[in-house]
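Here the structure is laid out as structure tokens; the discussion comes afterwards.
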Amino acid sequence: MQKKDFLVITALFLVGFTLRLLLAARLPFMGDECGTMINICYPFSYILTHFHCWLTMNWYIALIKLIAQVFGEGFIAVRLLSVLTGAGSVVLTGLVARRLFSGKAWIIAAALTAFNPYLVSFGAIARVYSLYVFISLVIFLLFLRWRETPSHSNCIGLSLACFALIMFNLNGVFIILWLLIVIAVEVLQRRLNRAHPDVHQFGVKRLIIPGLLCAFVAGLFYAQLIGEIRRYSSEWVVAEITSITYLPNAASLYFTTQTCTWFLGIFMLFGSYRLFRSDRFICAVLILWLLVPIVAAALLGYSFNFWDFARFFIFIVPIIFILSAYGITAIAKFFIHKYQNVIILGSGLLFCVMWLPEINNQLLNGEKIPFHKAYNFTATQMRTHDKIVCLDPFSRLHLAPYRYCNERIKIEKAIATREIFLQSSVPDLLQDTERGHRFLIGTGKYIPHFGTETKSFGDIRVCILPPEPWANRYERLLNGYKNSERLMQTDPNPPETDFFAIYSSLTDLAKLRGDREGEQYYKSFLSGG
């Protein structure tokens, strides 16, 4: 690599690293990331022997637990692995593209990977997906090296990379399936063309021993989890071939806007066409990378929401960028030579500029629901007998990472059994009402204020209930929730979390006063009656 190219790839790495680090430093723990912070509370012996809600990436959770024990549970500490591997994927995308194509295509591919909001967002959270993309690209690069030189070291390196991928994320099986298919195609192609068949026969043979050894060790680990894996998978797998109609929605998540999606799709198709004419095998390798996981998931009966499919197949995004970059350079060749570099670099820059507003929105989202600030406020205000009470399921989940481990584990069990949606805050609010304040934390549109002192943090409200007699507290809660119900009934599509929080609370309030008719009435809303 020339010095100029080295400076370019270093600059893109630093840009990708900076964007991900800024986001990692500003975002509160969100969504599935809360599951990471909950599951690191379990001992290593539990993490590596169980498979359930959010504990589907065992070795990654164990690694994050180790990092948290050494460096603490701060935003940057537990997310730094994702930040580094996300920025590293920028470099790997450039290296893969540079190995496949001549010209400036590698710069565009690396730049798109650095700025893509979807990859940036997953490169700033404590989940396995950024590492997943990184190792997948390592496997692609090692496959290209193995194809050129099927030496013992390249065979061992490729086997170990596959082993790391499958151990960190079971969905790595799609990449391994792709690898087996393209190796079979490569061997078949060379047999038909009679092009150095002996060299690649030795290469395949050299892969067998390290490959089988890695597969054996991985098999031993997952064999102990097979029962829990089947139970967990039963919720997401149907006994028939599933549809792939989720693809347009997944593409919109990957590329943010319809304009970007259409242009990248056009460039990718043109790049695939030109590549097919120049090197059919490499074209097949890249297209199979995109198709194998989608087709395999459909044949296996995977049934997820489109956003779940999008993150499971996140590793296809850099390859789409590589094909699109090749398409851009191929189109640029139709123009006068002196304009070609302007068209190539300008196209890549245009996509990056179009994505900047979405990256800015992601940075601003950290200020909308800063649960860490709400928790820090209540922690500094609390005195003896004071308690924190969450008013809705969303708040219960997103406040969990900042609480003690025993409280986090209770939250996870409530989520696993779906009880979190039916739990009301009423029992906690009516317990020891004359001892201590109650700090009520909620984010819902219709969550009541209860006519008390309120502190706001973005969309989060912290209401402070003073000590008072039980009857007064009961009346306060009843009036607050009934007012919220009246407001919510005017909304044809109320937020689901508000709906469950309000009606579960009204059910408990009716039950406490012995109103069987009222209890059944409110409970009917929870059961869809």
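What the table shows:
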{"quantity": "DSSP-defined beta bridges in region 371-526 - what % are antiparallel, rounded to 5", "calculated": "70"}
{"quantity": "Computed [θ] at 222 nm, deg cm²/dmol, the chain (DSSP H ≥ 4; -39,500 (n - 2.57); rounded to nearest 500)", "calculated": "-23000 deg cm²/dmol"}
{"quantity": "Proxy reagent accessibility, fewest Cβ within 10 Å first, across Glu148, Glu367", "calculated": "Glu148, Glu367"}
{"quantity": "Principal semi-axes in Å for region 283-329 [√(5λ), Cα gyration tensor, largest first]", "calculated": "23, 13, 6"}
{"quantity": "Alpha-carbon radius of gyration plus Dmax, which is the widest Cα pair, for region 1-117 in Å", "calculated": "17.3, 51"}
{"quantity": "Degrees between helix 152-168 axis and first principal axis of the chain (Cα, 0 to 90, nearest 10)", "calculated": "20"}
{"quantity": "Sequence ranges 298-310, 391-403, 509-521, 264-276, ranked by mean other-Cβ count within 10 angstrom, highest first", "calculated": "391-403, 264-276, 298-310, 509-521"}
{"quantity": "Distance in nm between pseudo-label sites at Phe525 and Ile209 (7 Å out along the Cβ direction from Cα)", "calculated": "6.9"}
{"quantity": "Pairwise FRET efficiency - Arg383 versus Phe221, Cβ, R0 = 35 Å, nearest 0.05", "calculated": "0.15"}
{"quantity": "Residues Ser151 and Ser252, FRET efficiency given R0 of 56 Å [Cβ-Cβ distance, rounded to 0.05]", "calculated": "0.85"}
{"quantity": "0 to 90° range, to nearest 10: angle between helix 516-526 axis and the chain longest Cα axis", "calculated": "10"}
{"quantity": "Ascending count of other beta-carbon atoms within 10 Å, so fewest first, for Val96, Val120, Val237", "calculated": "Val237, Val96, Val120"}
{"quantity": "Unmatched cysteines, the chain - criterion: no other Cβ of a Cys under 4.7 angstrom", "calculated": "Cys34, Cys53, Cys155, Cys162, Cys214, Cys260, Cys283, Cys352, Cys390, Cys463"}
{"quantity": "Amide H within-cut-off set for Cys390, under 5 Å, with H built and near neighbours excluded", "calculated": "Ile441"}
{"quantity": "DSSP bridge pairs, the chain: antiparallel proportion in percent, nearest 5", "calculated": "75"}
{"quantity": "Efficiency of FRET from Cβ geometry, Tyr46 and Phe6, R₀ 60 Å, rounded to 0.05", "calculated": "0.85"}
{"quantity": "Cα→Cβ-extended label distance, 7 Å offset, between Phe334 and Leu300, nm", "calculated": "4.0"}
{"quantity": "Net length gained if the chain between Leu177 and Glu240 were fully extended (0.36 nm per residue, minus Cα distance)", "calculated": "20.6 nm"}
{"quantity": "Descending Cα extents along the principal axes, region 371-526, whole Å", "calculated": "41, 35, 28"}
{"quantity": "Between 0 and 90°, nearest 10: helix 316-332 axis offset from the chain longest Cα axis", "calculated": "50"}
{"quantity": "Too-long pairs where the Cα-Cα distance tops 23 Å, listed order kept, from Lys413/Lys445; Lys387/Lys523; Lys3/Lys104; Lys65/Lys455", "calculated": "Lys413/Lys445; Lys387/Lys523; Lys65/Lys455"}
{"quantity": "Cα gyration tensor of the chain - equivalent ellipsoid semi-axes, whole Å, descending", "calculated": "49, 26, 21"}
{"quantity": "Least to most buried among Met167, Met57, Met382 (fewest other Cβ within 10 Å first)", "calculated": "Met382, Met167, Met57"}
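Readers should treat all values here as calculations from the given coordinates under stated rules, not as data from a laboratory. Predicted model only: the values in this text are computed from it and were never measured. Glycine gets a Cβ as well: all are built from the backbone with ideal geometry, and neighbour counts include every protein chain shown.
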